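The values are calculated or read from the model by the stated rules, or taken from the named source; none is laboratory data. Computed from a predicted model, the values in this text were never measured in an experiment. Because the Cβ atoms are built from the backbone with ideal geometry, glycine has one as well, and the counts that use them run over all protein chains shown. The accessibility values were calculated without ligands, DNA or RNA, using every heavy atom of the protein model including side chains. Shrake-Rupley method; radii C 1.70, N 1.55, O 1.52, S 1.80 Å.
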Amino acid sequence: MLASTCFSAPPPSSSSPSIPTHLATLCCCFRPPARPPWPRSLLLLGAFPPPTRPLPRASFTDGGGEVELRLDIGKLGIENSRDVFVDVDDTSLLLRAKSDGTLRTLINVKQLFDRIKSSETIWFIDEDQLVVNLKKVEQELKWPDIDESWESLTSGITQLLTGISVHIVGDSTDINEAVAKEIAEGIGYLPVCTSELLESATEKSIDKWLASEGVDSVAEAECVVLESLSSHVRTVVATLGGKQGAASRFDKWQYLHAGFTVWLSVSDASDEASAKEEARRSVSSGNVAYAKADVVVKLGGWDPEYTRAVAQGCLVALKQLTLADKKLAGKKSLYMRLGCRGDWPNIEPPGWDPDSDAPPTNI
């Protein structure tokens, strides 16, 4: 479960020139909730009694520069527009109506799919329907639905990724693989685990490899695998965690930059503000290679049962990143087409030789 999220674009750090200035940070304070001492079915029955009237059916359409929500209210006993209350800001929408003398919530969207111009919201009653018209900030962004749910994110994020692959990095191989597979299944990309490719190629487990040849050998081999994957599109790649992983080393990011990189970082922070500050310190200090990632997702704990919640946090971060820098996907594509020469984020012209002694032309 995601307790809270936050997004920021850290300022450039002169002490860490290799860290992209467009790096986005999403802090997800994730802590698995405690199990209730009674059966879940009893909890649901007690918490959600059946309403006296059915909730209205809703339909949603995206008209380009605006989105429209229609709710069937004919059977709710709403007498006139004065019985309807619309509360809206740039990221949320609350619709309530007075029915049978009781103020009822019709719909409560705590996180709209994207930002709107709340001051330009229009609503009216059209026969038996309540119509709410919302003006989008990002007019070219197609909204699959009204809210930022798992279903709408997995459907809508591909228009922003434009085929660019996603790389999941972090200290835990198991977490990287679980989240990568969940994201890949959701957005229709191919899941790839570098551990499986390495074990298949060598016919031995990563643990045996580490015991016989050490972490450097495994990291070098994973870098070769990442090189072969760097020309692929529409993949979600789970990398090795720990010191044996290429992503943990500053000099092994040449091919990781071909995709959008997400750093899954387990945190001791107890709240959103602390997690956000922790992420800022990690990025600005540049003490760990993972700070080269495009986005950071902070986890306050881990439970495989909530893999989808963490995966959803990753998609939220990627959506905000690509909306903040609309040229980033194209830049990733160019970097990949030029052969991932290690000149990220300041891409050199075609023909540039990274092994030559000639100074870069773009600095």
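Brief remarks follow.
- Virtual paramagnetic centre 7 Å along Cα→Cβ of VAL233, amide N under 18 Å, in the stretch 145-171: 156-167
- In the context of the full set of protein chains, the stretch 150-338 has a per residue accessible area of 40 Å² (1.4 Å probe).
- 3J(HN,Hα) from dihedral phi, the stretch 198-207, Karplus parametrisation 6.51/-1.76/1.60, rounded to Hz, x for glycine, proline: 5, 5, 5, 6, 9, 6, 8, 6, 4, 4
- Amide H contacts under 5 Å for SER267, placed H, 5+ residues apart: LEU299, GLY300, GLY301
- Lys/Arg +1, Asp/Glu -1 at C-beta; the stretch 186-247 dipole; positive extreme among SER212, GLY186, VAL236: GLY186
- Residue order for HIS232, HIS257 - accessible surface, 1.4 angstrom probe, largest first: HIS232, HIS257
- Hull volume per residue, based on the alpha-carbon atoms of the stretch 58-135 and their convex hull, is 83 Å³.
- Net charge contributed by nearby residues that have their C-beta within less than 13 Å of GLU277 (K/R +1, D/E -1): 0
- Dipole of the stretch 142-194 computed with +1 at Lys/Arg Cβ and -1 at Asp/Glu Cβ about the Cα centre; of SER155, ILE175, SER165, farthest Cα towards the positive end is SER165.
- Simple spin-label estimate for GLN159 and LYS117 in nanometres, 7 Å along Cα-Cβ: 1.8 nm
- Sequence-ordered 3J(HN,Hα) estimates for the stretch 346-354 from the Karplus curve with 6.51, -1.76 and 1.60 and θ = phi - 60° stand at 9, 6, 7, x, x, x, 5, 9, x Hz, glycine and proline given as x.
- Put a plus charge on the Cβ of each Lys and Arg, a minus charge on the Cβ of each Asp and Glu, and nothing anywhere else: the dipole of the stretch 285-363 about its Cα centre is then about 420 debye.
- Per residue, the convex hull around the alpha carbon atoms of the stretch 150-338 comes to 120 Å³.
- Computing FRET efficiency as 1/(1 + (r/R0)^6) for SER149 and ARG82, where r is the C-beta to C-beta distance and R0 is 22 Å, gives about 0.10.
- Long-range amide H partners of ARG104 with built H, under 5 Å: ALA97, LYS98, SER99
- Column: log10 I(q)/I(0), Debye, Cα scatterers of the stretch 254-332, q = 0.22 Å⁻¹: -1.16
- Out-of-range pairs (alpha-carbon distance over 29 Å; input LYS136/LYS252; LYS204/LYS319; LYS252/LYS326; LYS298/LYS327): LYS136/LYS252; LYS204/LYS319
- For the stretch 51-139, GluC sites (Glu not before Pro) meeting the loop criterion (DSSP other than H, G, I, E, B) and having at most 16 other Cβ atoms within 10 Å: GLU79, GLU127, GLU138.
- The stretch 70-144 versus the stretch 289-359: alpha-carbon centroid distance in Å: 37 Å
- Annotation: amide H-H contacts under 5 Å for GLU66 (H modelled 1.01 Å from N, sequence separation of 5 or more, or interchain): LYS136.
- When only the Cβ of Lys, Arg, Asp and Glu is charged (+1, +1, -1, -1), the dipole of the stretch 150-338 relative to its Cα centre reaches about 940 debye.
- Virtual spin-label span in nm between VAL215 and THR91, 7 Å along Cα→Cβ: 3.7 nm
- Using the Cβ-Cβ distance between ASN133 and SER274 with R0 set to 56 Å, the FRET efficiency from 1/(1 + (r/R0)^6) comes to roughly 0.90.
- Comparing Cα centroids, the stretch 217-235 and the stretch 188-203 end up 10 angstrom apart.
- FRET E, pair GLU305, LYS110, Förster distance 22 Å, beta-carbon r, rounded to 0.05: 0.45
- Electrostatic dipole magnitude of the stretch 199-290 [Cβ: Lys, Arg +1; Asp, Glu -1; Cα centre; debye, to 20]: 200 debye
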